[in-house]
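S.K.: What follows is a single structure, and I will ask about it in a moment.
The values are calculated or read from the model by the stated rules, or taken from the named source; none is laboratory data. Just so it is clear, the structure is predicted and the values come from calculations on it, not from any experiment. As a convention, Cβ positions derive from the backbone with ideal geometry for all residues, glycine included, and neighbour counts pool all protein chains shown. Just so you know, the surface numbers come from the protein's heavy atoms only, side chains and all, with ligands and any DNA or RNA stripped out. Shrake-Rupley method; radii C 1.70, N 1.55, O 1.52, S 1.80 Å.
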Amino acid sequence: MGTVHARSLEPLPASGPDFGALGEEAEFVEVEPEAKQEILENKDVVVQHVHFDGLGRTKDDIIMCEIRDVFKAKNLIEVMRKSHEAREKLLRLGIFRQVDVLIDTCQGDDALPNGLDVTFEVTELRRLTGSYNTMVGNNEGSMVLGLKLPNLLGRAEKVTFQFSYGTKETSYGLSFFKPQPGNFERNFSVNIYKVTGQFPWSSLRETDRGVSVEYSFPTWKTSHTVKWEGVWRELGCLSRVASFAVRKESGHSLKSSLSHSMVIDSRSSSILPKRGALLKVNQELAGYTGGDVSFLKEDFELQLNKQLILDTVFSASLWGGMLVPMGDKPSSIADRFYLGGPTSVRGFSMHSVGPQSEGDYLGGEAYWAGGLHLYTPLPFRPGQGGFGELFRTHFFLNAGNLCNLNYGEGPKAHIRKLAECIRWSYGAGIVLRLGNIARLELNYCVPMGVQRGDRICDGVQFGAGIRFL
């Protein structure tokens, strides 16, 4: 519950405690813990004052928004619970290194017999902090260096500079983050960045220089993000033997897009959940606010998890998306969907399914992918209750397809084309959960439905990432 200290509700008399006669025959009456707990729970109290020790540059209004519910508590147990919730909210702001709570009887001339004082002892973060860590993406890793200016203006604002060097991507950026007082989920951010990525499956190098503005907010059980992004993109060939189709895509373009994402997530864990569901829907409209790239892009992700007997978990997932070019220009290789690899349709090489030219994969304008999974504890449960709980045995069946559509043919023709030439695979392996950060998979895969031009990984396949089909 964190550090929440509660002193006695009844102040000692001024003359000190009265223990009566302390002779040899004196008896001490021991109070049962259950009775004492019942007294505390049933006693009506009033929170008269809330104090803060250790505040420096933090403004009062941002603090009051986070602790206002403490004044609504009616008994001691409720005071402790709401104080703990307020402590968690204060830590979530990212402006304090430590927050302790002390609950005591109220003192002073205006003190009520059942009055309480709540004191938050806080330690603010320094004005400049640095960090060094590693990150795991979808089958890639990176080293991240960061500088942060927390609580810049006293209301939980944050300015962050971050440099990332990875196996496939190098980036640096400057961001400003501002939450709404009293509602941390409602926040505004501005980002300026440069990202250089290498995509060997397409013999492509891409450099993006851009700026984005985001506003995130919750509505009922959903989380929404509305974003505008303007980016100058430079595409080039990764090797001298790149296909003509990739060379034709090389050059500069300017994309200005509006996007919206909605997330409903009730999973017990984002990495290896045992129960719950996820629904994520994204829409992006480019060209309406300027630039020379125009398209409408929709994609979704659905995941269902159900815990069965003997700590076994069944999971089903479905992905899908469609890209519709607008205007006379065809879609860009940088905007299309890609499929295949240890994080999507297992048994196929990374992003090596679908349209290709001379061995370079060009992506597609429509795709779908689905998976059925069964996760079980390791045989004989080695390390049960400890390190062994991070491992799971994994059985899977994956399927999907990626293609380009003729949008003049109608929905039935689109469905028929997506149902043709389905790639699928099955297999088994071991999953290692790395906290709530990422997961590793080592699977033996049997690819099926292989089409001409697909690149497969028949046998053992290793995958690392945060998002798996």
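S.K.: With (1) over 30 Å from the mean Cα position of the chain (by Cα); (2) open to solvent by 30 Å² or more (accessible area, probe 1.4 Å) as the list, and L390 as the residue in question, which single condition is left unmet?
M.R.: Result: L390 passes all but (1).
S.K.: Return a yes/no flag: does the range 46-60 have any residue that is modelled with pLDDT of 90 or more and open to solvent by less than 30 Å² (accessible area, probe 1.4 Å).
M.R.: yes
S.K.: Applying the selection to the range 103-129, what residues are open to solvent by less than 40 Å² (accessible area, probe 1.4 Å) and farther than 18 Å from K59 by Cβ?
M.R.: Those that are open to solvent by less than 40 Å² (accessible area, probe 1.4 Å) and farther than 18 Å from K59 by Cβ: I103, D104, T105, C106, A111, G115, L116, D117, V118, T119, T129.
S.K.: Separate question: Here is a check on your reading of the model: is T196 closer than 30 Å to V353 by Cα and out of contact with any Gly (no Cβ under 9 Å at 6 or more places or on another chain)?
M.R.: yes
S.K.: Among the residues of the range 271-286 satisfying the criterion of being assigned to a strand (DSSP E or B) and under 30 Å from H394 (Cβ atoms), which is most open to solvent (accessible area, probe 1.4 Å)?
M.R.: K280
S.K.: Let me ask another. Any idea which residue in the range 448-469 is farthest from E140 (Cα to Cα), counting only those that are part of a loop (DSSP other than H, G, I, E, B), of a type in the set (A, V, I, L, M) and at pLDDT below 90?
M.R.: The extreme case among them is L469.
S.K.: Please work out which residue is most open to solvent (accessible area, probe 1.4 Å), limiting yourself to the range 71-102 and to residues that are in a strand (DSSP E or B) and within 25 Å of K148 (Cα to Cα).
M.R.: Ranking the qualifying residues of the range 71-102, first place goes to R97.
S.K.: Please find, within the range 287-297, the residue that is least open to solvent (accessible area, probe 1.4 Å) out of those that are in a strand (DSSP E or B) and in contact with a Leu (Cβ under 8 Å, 6 or more places away or on another chain).
M.R.: Across the range 287-297, the extreme among qualifying residues is F295.
S.K.: I've got another one for you. Filter the range 329-346 down to residues that are hydrophobic (A, V, I, L, M, F, W, C), within 16 Å of D360 (Cα to Cα) and in a loop (DSSP other than H, G, I, E, B), then give me how many there are.
M.R.: 3
Every residue, every condition in (1) open to solvent by less than 30 Å² (accessible area, probe 1.4 Å); (2) free of Cβ contacts under 8 Å to residues at least 24 places away in the same chain; (3) within 30 Å of G341 (Cβ to Cβ), yes or no:
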{"residue": "E214", "(1), (2), (3)": "no, no, yes"}
{"residue": "T222", "(1), (2), (3)": "yes, no, yes"}
{"residue": "R240", "(1), (2), (3)": "no, yes, yes"}
{"residue": "S250", "(1), (2), (3)": "no, yes, yes"}
{"residue": "K255", "(1), (2), (3)": "yes, no, yes"}
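S.K.: Look at P150 and say whether it is in contact with a Ser or Thr (Cβ under 9 Å, 6 or more places away or on another chain), surrounded by 14 or more Cβ atoms within 10 Å (Cβ to Cβ) and in contact (Cβ under 8 Å) with a residue 40 or more places away in the chain.
M.R.: yes
S.K.: Six or more apart or on different chains, Cβ atoms under 6 Å: show the pairs whose first residue is in the range 159-172 and more than 15 Å from N133 (Cα to Cα) and open to solvent by 80 Å² or more (accessible area, probe 1.4 Å) and whose second is outside any strand (DSSP E or B) and among the aliphatic types (A, V, I, L, M).
M.R.: Note: no pairs meet the criteria.
S.K.: Being β-branched (V, I, T) and in contact with a strand residue (DSSP E or B) (Cβ under 6 Å, 6 or more places away or on another chain) is the filter; apply it to the range 82-114 and report the residue that is nearest to P179 (Cα to Cα).
M.R.: I95
S.K.: Could you tell me which of the residues A428, A438, A369, A399 is open to solvent by less than 10 Å² (accessible area, probe 1.4 Å) and in contact with a Phe, Trp or Tyr (Cβ under 6 Å, 6 or more places away or on another chain)?
M.R.: Within the list A428, A438, A369, A399, the selection yields A369.
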